[in-house]
Amino acid sequence: MSNKIKQEMNKIEIPKELSERSKMGVSQATKEIKKDRKRFNVKGIGIAAALLVSVGAFTLLNNVDLDSSTGNQDALVVNKDGSVEIPVIQLPEGNIADMDMIGLIVYNGKIYTQTRTEIDAEASKVIIGEKLGTTKGTIDEWSEQEAYDEEFASTVGIADVYSVKGYNKDFRIMTYEEQDGKINAEFYENFNGVTIDNGKDVFGKLNIEGNISSAQYRTFSDWDNDIENYQPIANMETLNTFVVELNKAKPIPRDQNSDPISNSRTDEEFRELSIKLNDGSTVRLTLLKEGNIYYGFMGVYFKMDEDVFSKMWSQIH
């Protein structure tokens, strides 16, 4: 396992949207990271690993080789049939102090990172599965490569790890703790070292279809400023059709020079769609006006049938 984990940890996807954010200033970009970090602290340990933000600038690893002279970064592979191979994630070699990062857990030879799906505290009591182990909290900004060798090595402190009822543990696990009457439960997902043929390989694993409780959306400026100004989705029939079509959506690699989200950070072009499921989880998707859909910190986005997407967009515009 030691060599495997070392190989898996030498690269890590940095979303292009965050790389582009560096053009607007490091302070603004750091604010984006910290928005997600609010939800990902366990027992006082700050989040580390997966997204790496250097003091001077962003570095996009895995998705695009920004410095081909290094020969160090694998790109996503687009196959003849249109499927996209997402390589196993790796961390850069050497000391990574002075970087800001998000959560990561090593389990069963796989790397699980924080996700854009949340779970209600009370609902987590119902879907918590078998205990898998306890994280060691052994990885931080100053860790050597050896720190990534151990099962349950993590960047999230000390936390009990469980499977999640209704979800394959090869895809999703969760941390769970009760302290002073409060519940802290967080999902971690494995979307690396896999091949994405279509949207079903991602959205199908989230169990959205046929399980929607409610949905709402907000504009870019509200999302960008952490303003919870959500508007409800009124037409559930349109939403359900959209969700079915998600499974057919085409994956497209996020290229440094052609990632649509880099030019769509406006209230006219950008919506965050939050879909609450019957099990208490909430899936957050980013929708762009031209029919592009993003989930989490993946190296791909998805393109949907224009007619179906336009009907959905009309509900959130």
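The values are calculated or read from the model by the stated rules, or taken from the named source; none is laboratory data. What you see is a predicted model, and the numbers here were worked out from it, not measured in a lab. Every residue, glycine as well, gets a Cβ built from its backbone with ideal geometry; the counts of neighbours run over all protein chains shown.
Output the residues belonging to the range 240-285 that are of a type in the set (S, T, N, Q) and touching an Asp or Glu at 6+ places or on another chain (Cβ under 6 Å). Steps first, please.
So the first thing to find is which residues in the range 240-285 are of a type in the set (S, T, N, Q), and the list is 240-241, 247, 256-258, 262-264, 266, 274, 278, 281-282.
Listed by number, the residues that qualify are Ser262, Thr282.
Which of (1) in contact (Cβ under 8 Å) with a residue 60 or more places away in the chain; (2) more than 30 Å from Asp160 (Cα to Cα) does Asn292 not meet, given it meets every other one?
For Asn292, the failing item is (1).
I'm trying to understand the selection: among the residues of the range 102-123, which are under 17 Å from Ile212 (Cα atoms) and among the polar types (S, T, N, Q)? Talk me through it step by step, then tell me what you get.
Applying the first criterion (under 17 Å from Ile212 (Cα atoms)) to the range 102-123 yields 116-120, 123.
The one that is under 17 Å from Ile212 (Cα atoms) and among the polar types (S, T, N, Q): Thr117.
In the range 197-228, how many residues are surrounded by fewer than 16 Cβ atoms within 10 Å (Cβ to Cβ) and within 15 Å of Tyr294 (Cα to Cα)?
2
Output yes when any residue across the range 172-188 is surrounded by 19 or more Cβ atoms within 10 Å (Cβ to Cβ), of a type in the set (Phe, Trp, Tyr) and closer than 19 Å to Ile316 by Cβ, and no when none is.
Filtering the range 172-188 down to residues surrounded by 19 or more Cβ atoms within 10 Å (Cβ to Cβ) leaves 172-176, 185-188.
If we keep only those that are of a type in the set (Phe, Trp, Tyr) as well, we get 176, 187-188.
Subset that is closer than 19 Å to Ile316 by Cβ: none.
No - not one qualifying residue is present in the range 172-188.
So which residues in the range 171-200 are touching a strand residue (DSSP E or B) at 6+ places or on another chain (Cβ under 7 Å) and either free of Cβ contacts under 8 Å to residues at least 12 places away in the same chain or of a type in the set (Asp, Glu) (or both)?
Hits for the range 171-200 are Glu177, Glu186, Glu189.
Okay, residues lined up against (1) in contact with a Lys or Arg (Cβ under 6 Å, 6 or more places away or on another chain); (2) among the hydroxyl-bearing types (Ser, Thr, Tyr):
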{"position": "Gly157", "(1), (2)": "yes, no"}
{"position": "Gly166", "(1), (2)": "no, no"}
{"position": "Asp170", "(1), (2)": "no, no"}
{"position": "Tyr188", "(1), (2)": "no, yes"}
{"position": "Asp197", "(1), (2)": "no, no"}
{"position": "Asn207", "(1), (2)": "no, no"}
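Residues are listed down the side, and each one gets a yes or a no for (1) touching a Gly at 6+ places or on another chain (Cβ under 8 Å); (2) charged (D, E, K, R); (3) closer than 22 Å to Val106 by Cα:
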position	(1), (2), (3)
Asp170	no, yes, yes
Asn184	no, no, yes
Asn229	no, no, no
Asn235	no, no, no
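Return the total of residues in the range 247-278 being at pLDDT 95 or above and acidic (Asp, Glu).
Going through the range 247-278 one residue at a time, the tally reaches 4.
For the range 213-236, give me each residue that is under 18 Å from Glu269 (Cα atoms) and touching a Leu at 6+ places or on another chain (Cβ under 7 Å).
Selection gives Tyr217, Ile233.
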